[in-house]
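> One structure follows; several queries about it will come next.
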Amino acid sequence: MGFVRANRTGLAVALAVVVAAYVAYAVDGTLTSSLLGFAWSFAVPLVLAALVGVLGERSGVINIGIEGQMLGSAFVAFFAAALSGSMLLGALAGMGTGLLLGAFLAWTTVKWRMDQIIAGVVLNIVATGLTSFFYVQGFTLPQVMPSIEVPLLSSIPLFGPVFFTGGPFSLFAIVAVLVIWFGLFHTRWGLRTRAVGEHPHAADTAGVDVVRLRLLNVTLAGLLAGAAGAYLSMEASSTFERGFTAGRGFLALAIMIFGAWHPGKAMLAALFFGLMSGAAAQLQASRVVDIPEQFVNLLPYVLTLVVLAVAAGRVRPPAAAGEPFVKGDA
Amino acid sequence: MNDTSTTDRPGPSPAGPPREQGATSPENRRGVLDVLARFQGVLVPIVALLVAFAIGAALIRLQGVNPAFAYTTLFRDALLTESGLLRTLQKATPLILSGLAVVIGLRVGLFNIGAQGQLLWGAIGAAYVGVHLAGAPAVVILPAALLAGIACGAVWAGIAGLLKAYRGVHEVISTIMLNSVAAGVIDWLVSFPLKEPGQSIPRSSAIDPAAELSNLGFVPVGFVVALALAGLIAWILRRTTAGFRFDTVGANRDAAHYAGIRIPLVVTAAMCASGALAGLGGAIETLGVVGRYETGSSAGLGFDGITIALLARANPLATIPAALLVGVLRSGAAGLQFETGIQPEVVDVLLAVTLLLVSIPVLARVLFGRRARDGVSLTSGWGS
């Protein structure tokens, strides 16, 4: 019962959302399913990318380079799959690239104490430059991503087909949220990570190897960015183009802030973004209101600005996010 | 590039004084290194550039083209013909300005990566005035169009400035979002209300000839303006109270606060100034090069500004050589593609590698060991 008491508001909101979803489902089943399906496919890369941000910042490293990590991974995943003819190889190559780019950010910011924001932006520019140079038109994936049905869960009406039926990366996103949620708040690793992100010198005094933990977390977070990139080029679509990620890495940071650096809340925030975009697209397509197409596409960006303007002052980032750790230099 | 005295800040880990080298190091080698280390602000970018060109050569080789031929083609095309030189300087002009825009931000600890959007607003603002004040004499329409560009850029950046100063929204996120919003809104503007009548592609009508910025031989007027502004900003930052306030806020917010500097005001003002410079870059692009607003005509200029500012280590005067370098590469890339079929994006690789080597502190440490100074200026974290 302690869990219920501690999360009273959250649970009430979740319950209200679920009830509202089923009411809508009862009123118009097809529309609700397609809207929720759109929202989730919009949210998957954002959830994964927001988790990258959460892992980094909970351990004290701001990751502005998620965009570049996703772009690089999407590129490698797509071309590895297209050239080798193996979807599995593509997915692994994409996640490996994410890991590599995570390690890059980790080493520059944690080991060499480069300014974290500048390191991230440099990572973005480098990823953009390399992917646009090596990009070649005319490649296709060998097959479409196989769809997996989770036994039992996928037969839940409305939610089952949306969340528990799909490609490996969308299912991975759900698993990742749960694992990181549990890991951050209920394991020794999580306690140490949060300590390192809030007060590295206290953690250091208590015997935690701050530098090692930060290197580890930021590098492993790259794996999730790799999954987000591979999802975009292999699962959500079967293509890659220059500038393919279109700012999603930055939307993810806004979602991370909106979700108060919490994996579960970040997932809800990402779904909210997806629902709003889906609703706007639906309104425009059905000609209910006459909004120019350009403005519909802008909605996620404007929403980000509004959400940040409202939320940024209300939530508190991990205290040491953005500050390099110098042992003994409290 | 006399950047050493102005860009050094008391960071969290100031480079220590030259320490004793090991006994194996000969006396004269130490002397040479000491002298070279004093010019590392210039040397590190040059070495980085050489490494980048070597990597670029390997990529060009892989595509079956002789690298020496490719590079000669690129530089000949950008520098050795009068039209090429004009084009290079035309390219360098908005690059100097967007580089300066990013530099101004960095000096206050703000990382304005939204120069792109601000530049687009400057371009469309100038185009609007250039079209709608048609018939007015040049002394009216030209300054009005330039001012419109400046104002549009400043207002757009000011949104990010206000969000940062009063709501704690990090400028990196807000400016990148504003970039997308600007691109979308402007695309709509030139697709509908400001579209050239009877045209199928989204673009504005041509500006009045009186609003055009001319060229003096192979030197565009805009280029001269950009050079003058680089000098002016260097002077403002080094010699005026406003510049001192900017640098103080950038170096140490707490100290600035205790000194009675109103930080929200300085942050907003710096963002507006930054946007004004980028907007002017866009306006000059419209009035001096394109002659109208066309979707896609200024693509990437603002993002190159980030590269330029970081290469210049936040020094306004150093943006000039950095922007010229990028201008030469971008201008020569078209000829390179024409003659050898190599994609112009090879320039992106060259710049990315250079930027990487200049900004991560490893190259300087390899070259100069303990004499290496830490890289560029510092930005701020969330909500501060």
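The values are calculated or read from the model by the stated rules, or taken from the named source; none is laboratory data. Since we're looking at a predicted model, the values are computed, not measured. Ideal geometry is used to build each Cβ from the backbone, glycine not excepted, and the neighbour counts take in all protein chains shown. For the accessible areas, the whole protein counts, side chains as well, though only heavy atoms, and no ligand, DNA or RNA atoms are used. Shrake-Rupley method; radii C 1.70, N 1.55, O 1.52, S 1.80 Å.
> By how many degrees, between 0 and 90 and to the nearest 10, does the Cα long axis of helix B:346-359 differ from the longest principal axis of chain B?
Helix B:346-359 and the main axis of chain B meet at about 40 degrees.
> Between segment B:193-225 and segment A:189-217, what's the alpha-carbon centroid distance in Å?
One Cα centre to the other: 57 Å.
> Sticking with this structure for a sec: At residue B:255 and residue B:136, where each label point lies 7 Å from the Cα along Cα→Cβ, what is the point-to-point distance in nanometres?
Distance between the two pseudo-spin positions: 4.6 nm.
> Which percent of the accessible area of segment B:232-384 is formed by carbon and sulfur heavy atoms (probe 1.4 angstrom)? Could the numbers behind the result be given before it?
Numbers: 3320 of 5490 Å².
That share works out to 60 percent.
> Further question on the same structure: Once both labels are modelled 7 Å past Cα along the beta-carbon direction, what's the residue B:69-residue A:137 spacing in nm?
Once both label points are built, they end up 2.5 nm from each other.
> Which whole-Hz couplings ³J(HN,Hα) result when phi for each residue of segment A:137-150 is put into the Karplus expression 6.51 cos²θ - 1.76 cosθ + 1.60, θ = phi - 60°, listed in order with x for Gly and Pro?
7, x, 9, 10, 6, x, 7, 8, 4, x, 9, 10, 10, 6
> Just grab the label-to-label distance for residue A:9 and residue A:202, each label 7 Å out from Cα along the Cβ direction, in nm (one decimal).
2.2 nm
> Relative contact order for chain B using alpha-carbon pairs under 8 Å, separation at least 6, rounded to a whole percent? Display every interim value, and only then the final one.
On the way: 696 pairs, mean separation 130.1, N = 384.
RCO, chain B: 34 percent.
> Now a separate question. Under the rule that an exposed site lies in a DSSP loop and has at most 15 other Cβ atoms within 10 Å, name the longest stretch of chain A with no trypsin sites (Lys or Arg not before Pro) of that kind, not counting the sites themselves. Intermediate results must be reported in sequence, preceding the final value.
On the way: sites that count: A:242, A:287, A:314, A:327.
No qualifying site falls inside A:1-241, the longest such stretch.
> How many angstrom lie between the C-alpha centres of segment A:101-138 and segment A:247-291?
Measuring centre to centre over Cα atoms gives 26 Å.
> Rank B:304, B:34 by accessible area, highest first, at a 1.4 Å probe radius? Walk me through the numbers on the way to the answer.
Values: B:304 15, B:34 60 Å².
Most to least solvent-accessible, the answer reads B:34, B:304.
> Evaluate the charge dipole of segment B:94-311 about its Cα centre and quote only its size in Debye, nearest 20, assuming +1 on the Cβ of each Lys and Arg and -1 on the Cβ of each Asp and Glu.
Numbers: 11 positive and 10 negative charges, 127 e Å.
It works out to roughly 620 debye.
> Accessible area per residue of the protein assembly as shown at 1.4 Å probe, in Å²?
On the way: 29610 Å² over 714 residues.
Dividing the accessible area of the protein assembly as shown by its residue count gives 41 Å².
> Would you kindly calculate the translational diffusion coefficient of the protein assembly as shown, applying Stokes-Einstein with the Kirkwood radius from alpha carbon pairs, for 20 °C and a viscosity of 1.002 mPa s, and quote it in µm² s⁻¹ without decimals?
Answer from the Stokes-Einstein relation: 80 µm²/s.
> If you fit an axis through the alpha-carbon atoms of helix B:171-191 and take the longest principal axis of the Cα set of chain B, what angle between them do you get, 0 to 90°, nearest 10?
It works out to around 20 degrees.
> Within 10 Å, at most 15 other Cβ atoms, and a DSSP state outside H, G, I, E, B define an exposed site. Report the longest part of chain B free of exposed trypsin sites (Lys or Arg not before Pro). The partial results should precede the final answer.
Values: sites that count: B:19, B:262.
In short, B:20-261.
> Let me ask another. Under 17 Å from the Cα of residue A:327, which lysines turn up, not counting those fewer than eight places away in the same chain?
Result set, ordered by chain and number: A:111.
> Further question on the same structure: Within a 10 angstrom radius of each residue's Cβ in B:354-364, how many Cβ atoms of other chains show up on average? Whole number is fine. Intermediate values should be presented prior to the final figure.
On the way: counts 0, 6, 8, 0, 1, 9, 9, 5, 5, 0, 0.
Partner-chain Cβ atoms within 10 Å, mean over residues of B:354-364: 4.
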